[in-house]
Structure formats: structure tokens, C-alpha cells
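Here's the structure, in C-alpha cells; my notes come after.
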Amino acid sequence: MENNNSGEHKTNDDRLTDIFSSVGRQYRLTDVTAQFVAFRDLKIRWQRSYKMADFMVSDYLDDAPDGILWDFADTIIAKIFAENDSDYSNSVIEWISSDGFRARKQPIYLRRSKNLTRSPVGREKNLLDSYGRLVDDGLVEEDPGLCISWMKSATARKIGHCSVVMDVVALSGALDDAHVPDFVLDYCLYHELCHVKIGFDPSGRGHDQKFAGLEDMYPRRSEAVEWLRRMDMFV
């Protein structure tokens with residue numbers, strides 16, 4: 001006997017549209033579509049016109065339980081209607097901050113990050129040596145899930161970047177130079193690791209008082225910053 005349960009044939013995009021449509025009706029949105037998109041970073045984009053809305057959601061969330069996606073949709077749509085100023089509810093933050101999420105999604109993020117060498121070993125410097133010194137000095141705790149990489153570009157003025165959610169830290173190839181003192185390289189790595197230590201910050205206010213306090217723990221911070229200034233680089 002043929003099974004006519006249409007739910008078995010729904011795609012992840014159908015599931016997402018159903019959830020966003022259900023939430024949207026609470027805000028009088030009558031035509032809502034949603035799809036998962038292979039963004040490099042965890043993010044969402046949307047377009048809205050009167051009672052219509054279209055959402056493009058990072059496919060890092062495609063295996064999220066319905067309850068997580070419902071909370072996510074409710075938070076996003078509330079923000080659109082100025083009833084909320086955040087992109088993420090507490091339940092969503094907890095889900096994407098879990099070790100399981102990182103283990104599943106970090107390899108995908110690395111494949112999509114075309115500007116990374118995916119290796120801590122550079123031409124002149126090994127970032128694992130730098131990381132080891134920071135651990136030995138008690139400035140950071142060892143994180144077995146952390147991925148440290150060089151960036152392919154050696155011309156970037158910014159020292160690097162990190163993805164807190166994916167537990168990935170990368171430094172500019174411009175620092176992979178024998179003339180760059182180890183304490184300068186260590187400071188640059190430490191700066192990015194401070195973001196990781198603070199954790200996921202959906203507000204985007206990463207350089208707050210807590211962050212400044214962590215940075216001040218680096219013994220030669222001022223000297224390192226001066227070195228970077230002479231290199232025309234900044235954190």
C-alpha cells in the first residue's frame with residue numbers, strides 16, 4: 001500500500017519554510033519562504049516587502065532540531081519588527097556553542113575558507129610553537145578542538161581573524177617572517193584567542209571591557225603593539 005505521508009518527502013528547505021511561515025503568521029506575514037544557503041560564516045540574510053519575506057539561512061543550521069529553528073525564526077522575525085535586537089536566542093546560542101556543533105561544522109568551515117592554508121606551519125614560523133608558549137605561560141588553556149592556521153595572504157594589514165563558533169584562529173601571512181619577534185607573534189595569536197575565550201558574542205561587541213582586561217594580561221602588549229604599528233598592521 002502506498003504511503004501518502006507527504007512529510008516524509010519534505011526537504012530541509014521545506015522544513016525551514018514551514019517553521020518560518022508559522023512564525024511569520026504571528027506577525028501577519030502571509031508569504032514567507034526560507035532556504036538553507038552554503039555561506040562561509042554562520043549568518044542569515046532576509047528581504048521583506050509588506051507581508052512577504054524571504055530568508056536565507058546558513059546551512060550550518062540544517063541539522064538543528066525543530067525547536068531550535070523555531071526559536072531562531074522567532075528571534076529573527078521579532079528583530080525585523082523591532083521587537084528584539086538580537087539574531088540569536090539563548091537556546092540557539094547554547095546549541096551552536098556545543099562541542100558537537102563545532103566537531104560537525106568546523107571541517108565544513110575550513111573547506112569554505114579559501115584564504116586559509118589550514119596549517120599552523122609557515123615558511124618561517126610555526127604557530128603551534130607560539131600557542132605552546134602561551135599555554136606554558138598560563139595565558140590560555142589548551143583546547144584540543146582549536147584549529148590554528150596561517151592565512152594565505154601576506155599583504156593584509158589586520159593581524160588575523162577568528163571564528164569563535166567554529167573554534168578557528170588564523171593569522172596574517174605577513175607575520176610569517178623571521179624578522180618578527182616571537183613575542184609579537186605570540187601577542188597576535190593571544191589577541192585572537194581572547195575572542196575565543198570570551199565565547200560567542202552575537203551583539204558583536206567583542207572589544208569590551210572584559211576583552212581589554214584579558215589583553216592587558218599579556219606582559220609585553222604595548223611593545224608588541226608598537227612593533228605592529230611600525231609594520232603598518234593593527235589588531
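The values are calculated or read from the model by the stated rules, or taken from the named source; none is laboratory data. Small disclaimer: the values here were computed from a predicted structure and weren't measured. Heads up, the Cβs are rebuilt from the backbone with ideal geometry, glycines too, and the neighbour counts pull from every protein chain shown. Just so you know, the surface numbers come from the protein's heavy atoms only, side chains and all, with ligands and any DNA or RNA stripped out. Shrake-Rupley method; radii C 1.70, N 1.55, O 1.52, S 1.80 Å.
Taking Rg and Dmax of the Cα atoms in Å straight from the coordinates, which label in (1) 18.2, 64; (2) 21.2, 76; (3) 20.2, 64 is the correct one? Label (2) holds the value from this structure. In the chain, the DSSP-assigned H stretches of four residues or longer account for a calculated mean residue ellipticity at 222 nm of -12500 deg cm²/dmol, using -39500 (n - 2.57) per stretch and the full residue count as denominator.
Put simply, when 182-195, 72-85 are sorted by average Cβ atoms within 10 angstrom per residue, most first, you get 182-195, 72-85.
Calculated accessible area for the chain comes out at 54 Å² per residue, all protein chains present (probe 1.4 Å; ligands, DNA, RNA ignored).
The count of lysine pairs in the chain whose Cα atoms are under 16 Å apart, excluding pairs fewer than 8 places apart on the same chain, comes to 7.
By its C-alpha gyration tensor, with a ≥ b ≥ c as the square roots of the eigenvalues, how is segment 115-235 shaped: rounded for a/c under 1.5, else prolate for a/b larger than b/c, else oblate? Since a/c stays below 1.5, the shape of segment 115-235 is classed as rounded. Rolling a 1.4 angstrom probe over the chain with all protein chains present gives an accessible area of which 48% lies on carbon and sulfur atoms. Semi-axis lengths, largest first, of the ellipsoid equivalent to segment 35-167 are 34, 17, 13 Å, with √(5λ) applied to each eigenvalue of the Cα gyration tensor. Placing +1 on the Cβ of every Lys and Arg and -1 on the Cβ of every Asp and Glu, with nothing else charged, gives the chain a dipole about its Cα centre of roughly 840 debye.
With labels modelled as points extended 7 Å from the Cα through the Cβ direction, what inter-label distance (nm, one decimal) is found for R111 paired with S98? It is 2.2 nm.
If both residues of a DSSP beta bridge must be in segment 1-159, then about 55% of such bridges are antiparallel. Comparing I68, A103, V23 along the charge dipole axis of the chain, the residue lying farthest to the positive side is V23, per the Cβ-charge model.
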